[in-house]
Amino acid sequence: MAKEISGSRKRGFSLAETLITLGLIGMLATMTYQVLSTSIKDKTTTARLKKTYSSLQQALLRAVEENGPLESWGISMEPGYGGEKVLLHNIAKHLNTVKVCENGTGCYPNRTYKNLDGSSYVNWNILSDRSAVILADGTMVMFNTSSAKNYSDFGQIYVDINGAKPPNQVGLDFFYFYIFKNTLIPSGAPARFGTKFFIEHCLKDSGFACAAWVVYNGNLDYLYCSDLSWEAKHQCKYREKLLRYLFGL
């Protein structure tokens, strides 16, 4: 009788198993690349917004030196009185502009912007009670006084940090700043607006209170986790960002 050989031959991967494994590796690589790309994009947004804020703050200070305190500029916060044109005339001369739109139209794209939650917001190009400029780096800047009296002393400045390029969405590339006595404050700053303002108007809906978070905390993590706060948590964990990106969790 032939001696029975014990043991078993090692089994290699089947073609199907190999393809599945390669597919999973490819999917993981794609997900990692997308997360890294998003991180780079957020860092670019943060850097551009901080740069724009610095330029606007310096321009405002120079305008005050040249024209006196803001309360002497004759700014009206009521619609139709041209307060936005006063801001444009005094501040824009201290910015590196390539286009000036005194009556608003012509600087912003003729399309409807979106809120952070994805709902439709407004087509800035059809409004005549705003004044705007385009800076040399492509940033679009808008001056407003007609709807700012509930939040500021002397008006608002809106910025789209990448110009007409998408997404044209509040909290992603479009941000708010408020003009107070001789200073410019990003919307949502806790010292001025309180800590709940960020929760109500950045984490939950429109996104118009997100600018301060980006400027002071250096991230856009309000896009990835909903439990951020000025008092405690200032950034999301990597796992939270990954889950939010992949599954919307």
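For the reader, a short list of remarks on this structure follows.
- Scanning region 171-183 for residues that are surrounded by 21 or more Cβ atoms within 10 Å (Cβ to Cβ) and farther than 13 Å from Trp213 by Cα returns Asp173, Phe174, Tyr178, Ile179.
- Any hit, region 114-134, residues being more than 21 Å from Leu60 (Cβ to Cβ), of a type in the set (D, E, K, R) and surrounded by fewer than 16 Cβ atoms within 10 Å (Cβ to Cβ): yes
- Residue in region 201-224 that is closer than 18 Å to Arg130 by Cα, assigned to a loop (DSSP other than H, G, I, E, B) and in contact with a Pro (Cβ under 8 Å, 6 or more places away or on another chain) present: no
- Out of Ile134, Ile126, one residue alone is out of contact with any helix residue (DSSP H, G or I) (no Cβ under 6 Å at 6 or more places or on another chain) and modelled with pLDDT under 95. It is Ile126.
- Annotation note: of Asn168, Asn96, Asn90, the sole residue that is polar (S, T, N, Q) and within 15 Å of the chain's Cα centre (by Cα) is Asn168.
- Within region 208-237, residues that are closer than 16 Å to Lys51 by Cβ sit with their Cβ atoms under 6 Å from residues that are charged (D, E, K, R), at 6+ positions apart or across chains, in these pairs: Val215/Lys50; Leu220/Asp42.
- Filter pass, Ile75 being modelled with pLDDT under 90, farther than 15 Å from Ile134 by Cα and surrounded by 18 or more Cβ atoms within 10 Å (Cβ to Cβ): yes
- When residues in region 137-161 are screened for being at pLDDT below 95 and within 17 Å of the chain's Cα centre (by Cα), 1 of them pass.
Let's see how each residue does on (1) over 18 Å from Asp160 (Cβ atoms); (2) touching a residue at least 24 places away in the same chain (Cβ under 8 Å):
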site	(1), (2)
Ala59	no, yes
Glu66	yes, yes
Gly74	yes, no
Cys101	no, yes
Thr105	no, no
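- The residues on offer are Asn103, Asn90, and the sole one that is in a helix (DSSP H, G or I) and either surrounded by 11 or more Cβ atoms within 10 Å (Cβ to Cβ) or at pLDDT below 65 (or both) is Asn90.
- Options Ser206, Ser229, Ser187: the member that is more than 16 Å from the chain's Cα centre (by Cα), modelled with pLDDT of 90 or more and among the polar types (S, T, N, Q): Ser229
- Among the residues making up region 184-218, those that are farther than 23 Å from Ser119 by Cα and either among the small types (Gly, Ala, Ser) or crowded, with 19+ Cβ neighbours inside 10 Å (or both) are Leu184, Ile185, Ala189, Ala191, Phe193, Gly194, Val215, Gly218.
- Test: Thr145 is without any contact (Cβ under 8 Å) to a residue 40 or more places away in the chain and not small (Gly, Ala, Ser): no
The values are calculated or read from the model by the stated rules, or taken from the named source; none is laboratory data. This structure is a prediction, so every number in the text was calculated from the model and none was measured. Cβ sites come from the backbone with ideal geometry, for glycine too, and all protein chains shown count toward neighbours.
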